[in-house]
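Remarks on the structure that follows.
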Amino acid sequence: MTRQNGQAAARMIRDMVRIRCVEEELAELYRDEQEMRTPAHFSIGQEATAVGVCAALRPTDVVYAGHRSHAPYLAKGGDLRAMVAELHGRQTGCARGRGGSMHLVDRAVGFDGSAAILAEMIPVAVGAAWAFALTGQNRVAVTFFGDGAVEEGTFHESVNFAAVHRVPVVFVCENNLYSVSSPLRVRQPTATTISERVAAYGVWSRDVDGNDVSAVHAAAGEAAERARDGGGPAFLELRTYRWREHAGPGWDHDHGYRSREEIDAWMAGCPIRRATAAAEPMVPDIAERVGEWDSRFRAELHEAVRLARAAPWPSLASLLDGAYGPGHHARDHDHNGHGVDHR
Ligand SMILES: Cc1ncc(C[n+]2csc(CCOP(=O)(O)OP(=O)(O)O)c2C)c(N)n1
């Protein structure tokens, strides 16, 4: 085991700890106050998927996500303060306070967007990746979505199109076994897995332990490099589990749609704990470092919350900026919020 491997493992653990700390602190604030009025879908327990995949990408690659977007946004390097301001509806938010938790974006780091409509960003990612291929850019697009999004027609259209045109896109399905409270077995055929069905399109497809960050990283690296080298699209089914309720900060042990034993078993397989144990031989002080990161990231989150609360709301006059409709013209903004008028 090399020092480099140890450093890479430590970086991924750090990034997972950051997402865990940020989300746990946000969940506490959600529960105790009413400052953030956007529905939020936490990825607590699922951190290895976003971190393992994004660690395998280049800064010039782009990522899209769905409603459960905090983790991929942060893993791709999205600005934490802009995310927290967005959750507070402020002008300084990454979507200028208009999008909330499910519409994060940070184009400066290649987190090109997320949206609340299931599977909506999948064809967008395919389009972006196809443009990269057509213009000879050595970049890939990655799209995160849940097992529920696989039931949308546009998912199949997108996979079909990407397969036919050998589009450099990586489809990342975070299979956490549930769509809200419906288990996978009542929604999809049980005789085959999602990755097997996608393989039937002729797409390179892998079934991966999504709570093993090294396995996710290795599979994503292979997927991205194949796509980059003209090998066409790739699909990853990452098996993981969300610890909290579908939307919101609470636990749902008593809701009756999944058993206490099942939740406990998945929590015992915590991706951060597993990665830390695996890294110990290479990085003997890893547990100590995790402790330091833990306090640092919780403090970082509270500073971001303090800044967000002090930030201005979007002005009423700017309400229709960026919107299309009768009686006004589209007005786009670049990433820094400077208006670009197309009139
Ligand atoms: C087209 C569409 N249908 C229904 C919904 C409502 N909805 C929001 S999240 C969700 C469940 C999604 O499950 P999955 O894709 O597995 O992702 P997870 O929440 O488990 O991460 C549903 C049905 C929606 N947002 N969009």
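Read-outs: derived from the displayed coordinates by stated rules, not from any lab. Only a predicted model underlies this, so the values are computations on that prediction, with no experimental measurement involved. Counting neighbours? That spans all protein chains shown, and the Cβs are built from the backbone with ideal geometry, glycine included.
For the reader, a short list of remarks on this structure follows.
- Surrounding net charge for Pro233, when Lys and Arg each add one and Asp and Glu each subtract one, Cβ distance under 10 Å: +2
- The Cβ shell under 11 Å around Gln46 holds other residues with a net charge of +2, Lys and Arg each +1, Asp and Glu each -1.
- Most mobile of Pro59, Pro168, Pro72 in a GNM of the chain (Cα contacts under 10 Å): Pro59
- Gaussian network model of the chain, springs between alpha carbon atoms under 10 Å - residue of Leu238, Leu184, Leu301 with greatest fluctuation: Leu184
- Modelled label reach - Glu151, point 7 Å along Cα→Cβ, segment 109-135 residues with backbone N closer than 20 Å: 115-123
- Rounded to the nearest 500, the helix-only mean residue ellipticity at 222 nm of the chain stands at -13500 deg cm²/dmol, with each DSSP H run of n ≥ 4 adding -39,500 (n - 2.57).
- Secondary structure note: in segment 3-316, about 10% of the DSSP beta bridges are antiparallel.
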